[in-house]
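Taking it in order: structure first as C-alpha cells, then the write-up.
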DNA sequence: GTCTATATTTCGATAGAC
DNA sequence: GTCTATCGAAATATAGAC
C-alpha cells in the first residue's frame, strides 16, 4: 500500500502540485479513506520526503561514481563519459524528475526543514554544486556543463509538452548529441 | 497600491510558491490588513492573473516581431537575430520569468480556466509552440531551438543559485555564445 | 489496516463602520 | 481605501471502533 500511495501522490503532485493536492484527493483516487493514509505516513510532508528519497536513491550511484573519479584530470571529460548513464536515468525516471522540477519550492521547504533529510538533499544538490564550483573548470565550461545538464532534463521531461509527438528514445539521441557538443567545445 | 501589492506578491510567489502564499502574508509584509487587498483584487487568483499580464506585456513585442517576420526563409536564423533582444528581456525581468518557471502549475490552473486570459496565454505559449512545430524546421533543429531558449532562461534565472557569484551581464555574454552555437549548427 | 466521526487550524472571502 | 470582525469551506490531523 505504501508504494501505491507514493505512485498516486507522484501523479497528483505532477498534475496540480504538492500544495494544491489534498490528502482527500489522494485517498479518493486510491479508493480508501483519508485516515488510512495516516497509518502509512505521519504527515502529508512525509509523502513528499519518501518521494524525494526515491529520487535520491536513483541518482546516488551516478553521483558516487562521479565523486570517486572526480580526481581525474578533467571533470568535464568525466561528465561526458557519464552522460549516457545520466540520460538513461532521466528517461527511466521521468515522472520523478518532473516532480522535482515542478515542486522545487515545496521540496526545499519540506526537505530543507527536516535535519535528517537535509543531509540527503545536500548529497544531491551539493554534488552538483561542487561539480560546477570545481576550480579546475573555467566559467565558460561551467556554463556549458550546467547547460548540458539542463538541456537533457528539459527535452526529456518536457514540462511544456513541446515534444509530446516525439518518442523518448529519439529525443534522447538528439539531446545526447547536443550535450556532447556543448561539453566538447 | 495595486503595483505595490503585485511587487510583494511576486517576491512571495518566488519564495514560497503561489499556493503556499496566503493573503494574510502579503498584507502583513505590506503593513495593511487582509481586507485591504480585496479593494484592489476580487480574488487571490486575480493577483496571479495581473502578474501574468505583466509578463505577457513584456514578451509581446518580441513575439510580434517574430510572427511578422516568420515568413522569412529560415525561422532558426530569425530567432538567432532576435536572440539579443530575448536575452535582454530575460535579464531585465528575471523575477517575473522565475515566477513563471516556479509556478507553472498554478498558472495553468488559474489562467487556463479564465477564458479571457486564456487567449493571452495562448498568444505566448502557442507562439513558442508554433515556432517549434514549424514544418520547415527539422527535428534536430527543433531540439536545438528549444535547448537554446532553455539555456538562456536557465543560466540567467538560475533557480538553483549555481551562478549566484557571477554577475548577470557576464552570464548573459557566456550563454549568448552557447545559444548562438546551438542555433548555428 | 481501514473505517467513521470529529477536533483544530487556516484560508479565502464578505459585511459594515469609518 | 482601509479597518475590525466574522463567516463558511476545506485542509491537516487525531480518536477510537472494528
Exercise. Along each of its three principal axes, how wide is the spread of alpha-carbon positions in the range B:1-115, in whole angstrom units, largest first?
Worked result: 56, 29, 23
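Count, for each residue of B:11-21, the Cβ atoms from other chains sitting within 10 Å of its Cβ, then give me the mean as a whole number. Don't skip to the answer; put the middle values down first.
Numbers: counts 0, 0, 1, 1, 3, 5, 10, 4, 8, 7, 1.
Mean partner-chain Cβ count within 10 Å for B:11-21: 4.
Compute the relative contact order of the range A:55-184 as a whole-number percentage, counting only Cα pairs closer than 8 Å that sit 6 or more residues apart in sequence.
On the way: 88 pairs, mean separation 43.6, N = 130.
Once divided by the residue count of the range A:55-184, the mean separation gives 34 percent.
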Seminar exercise, completed: Rg/Rh of the range A:84-185 (Cα atoms, Kirkwood Rh), to two decimals, equals 1.00
Problem set entry | the range A:57-89-the range B:133-185 distance, computed between alpha-carbon centres (Å) | 23
Seminar exercise, completed: For chain A, the longest principal axis of the Cα atoms and the Cα long axis of helix A:2-15 enclose an angle in degrees, to the nearest 10, of 70
For this session: Going by C-beta contacts inside 10 Å, put B:137, A:58, B:26 in order with the fewest on the left.
Result: A:58, B:137, B:26
Exercise. How big is D for the protein assembly as shown, in µm² s⁻¹ as a whole number, if Stokes-Einstein is applied with the Kirkwood radius of its Cα pairs at 25 °C and 0.890 mPa s?
Worked result: 111
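Counting other beta carbons within 10 Å of each Cβ, put A:62, B:145 in order, fewest first. Numbers along the way, then the final one.
Working: A:62 15, B:145 23.
Ranking A:62, B:145 by Cβ neighbours within 10 Å, fewest first, gives A:62, B:145.
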Exercise. Within 10 Å of each Cβ of A:153-163, how many other protein chain Cβ atoms are there on average?
Worked result: 4
Exercise. Simple spin-label model, 7 Å along Cα-to-Cβ: residue B:45 to residue A:61 in nm?
Worked result: 4.4
Exercise. Taking neighbour counts of Cβ atoms within 10 Å as a proxy for exposure, in what order, fewest first, do B:74, B:11 appear?
Worked result: B:74, B:11
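Given the -39500 (n - 2.57) contribution per DSSP H run of 4+ residues, what per-residue ellipticity at 222 nm results for the protein assembly as shown, rounded to the nearest 500 deg cm²/dmol? Each step should come with its number before you reach the end.
Working: 20 runs with 290 residues, N = 370.
-25500 deg cm²/dmol, from helical runs alone.
What is the extension gain from residue A:92 to residue A:2, computed as 0.36 nm multiplied by their sequence separation minus the C-alpha to C-alpha distance, in nm to one decimal?
Numbers: separation 90, 0.36 × 90 = 32.40 nm, distance 2.10 nm.
30.3 nm is the gain from fully extending residue A:92 to residue A:2.
Every number in this text was worked out from the coordinates using simple rules, so none of it is lab data. These figures come from a predicted structure and were not determined experimentally. Neighbour counts run over all protein chains shown; Cβ positions are idealised from the backbone, glycine included.
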